[in-house]
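The values are calculated or read from the model by the stated rules, or taken from the named source; none is laboratory data. Quick caveat: nothing in here was measured; it's all calculated off a predicted structure. A quick note on method: Cβ atoms are made from the backbone with ideal geometry, for glycine too, and the neighbour counts reach across all protein chains shown. Areas reflect the complete protein model, heavy atoms only, side chains present, ligands, DNA and RNA absent. Shrake-Rupley method; radii C 1.70, N 1.55, O 1.52, S 1.80 Å.
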Amino acid sequence: MSAPGHDEERDWISRAMLGEEADFARLVTAYYDRIYRLAWRFTGRREDAEDVAQEVCIKLAQSLANYRFEAPFAAWLSRITMNTARDFLRGRTRRQNRETPLFEDTDIAAPNENPERLAIARQLLRRVNELPDGLREAVILVYCEGMSHSEAGLALGCAESTISWRIHEARKQLKKMLGKEASHAGF
């Protein structure tokens, strides 16, 4: 199920706040793939992402009454998902428990792409995993989830300018990590 239109979403949220289970179920169904995908990008393991997604659904039920329609619902829900994933990861040594490196199974280019460019792009994505959390979160939301800097700011609870700075800083750090290869990758 795809995300509902703005008015339909607002109706579902309003009725779910009043205890309508069917509308709450519609919200969860409409947004579950987004929740799971974001959880997986933060945890790096499918099993952990499933646990985080389940916890997000529980937290959504508990905190939906706090939603004030001031920010887009998707950004508000992304914030809950990221906070839940952070809490989950605090109890673990993140890099030691990864099933596969972040983005390892991501389809990153067209089949006719230059193999050298593909290898550089894969290395770049692996390096994203090494960035500090704030920078990594901004990169994931902007480049992987396709959010604008403004939407990512809402999701992370910070200003759009902070996201812009984090993206700038991430690019700078990634260039330093990759050296000459970064310029070949177009980064």
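Things worth noting here:
- Filtered residues of the stretch 3-23 (kept if assigned to a helix (DSSP H, G or I) and among the charged types (D, E, K, R)): ASP7, GLU8, GLU9, ARG10, ASP11, ARG15, GLU21, ASP23
- Positions within the stretch 143-155 being free of Cβ contacts under 8 Å to residues at least 40 places away in the same chain and open to solvent by 20 Å² or more (accessible area, probe 1.4 Å), in sequence order: TYR143, GLY146, SER148, HIS149, SER150
- Figure legend. Inter-residue proximity from the stretch 16-44: first residues touching a residue at least 12 places away in the same chain (Cβ under 8 Å), second residues open to solvent by 60 Å² or more (accessible area, probe 1.4 Å) and polar (S, T, N, Q), beta-carbon distance below 9 Å, spacing 6+ or different chains. Indicated pairs: ALA30/SER2.
- Residue check for GLU160: among the acidic types (Asp, Glu), open to solvent by 20 Å² or more (accessible area, probe 1.4 Å) and closer than 18 Å to ALA74 by Cβ: yes
- Residue that is most open to solvent (accessible area, probe 1.4 Å), among those in the stretch 1-39 that are farther than 30 Å from ARG126 by Cα and β-branched (Val, Ile, Thr): THR29
- Qualifying residues in the stretch 105-131 (those that are open to solvent by less than 70 Å² (accessible area, probe 1.4 Å) and not in a helix (DSSP H, G or I)) - the one modelled with the highest pLDDT: LEU131
- Looking across the stretch 40-96 at every residue that is among the β-branched types (Val, Ile, Thr) and surrounded by fewer than 18 Cβ atoms within 10 Å (Cβ to Cβ), the one that is farthest from GLY157 (Cα to Cα) is identified as THR93.
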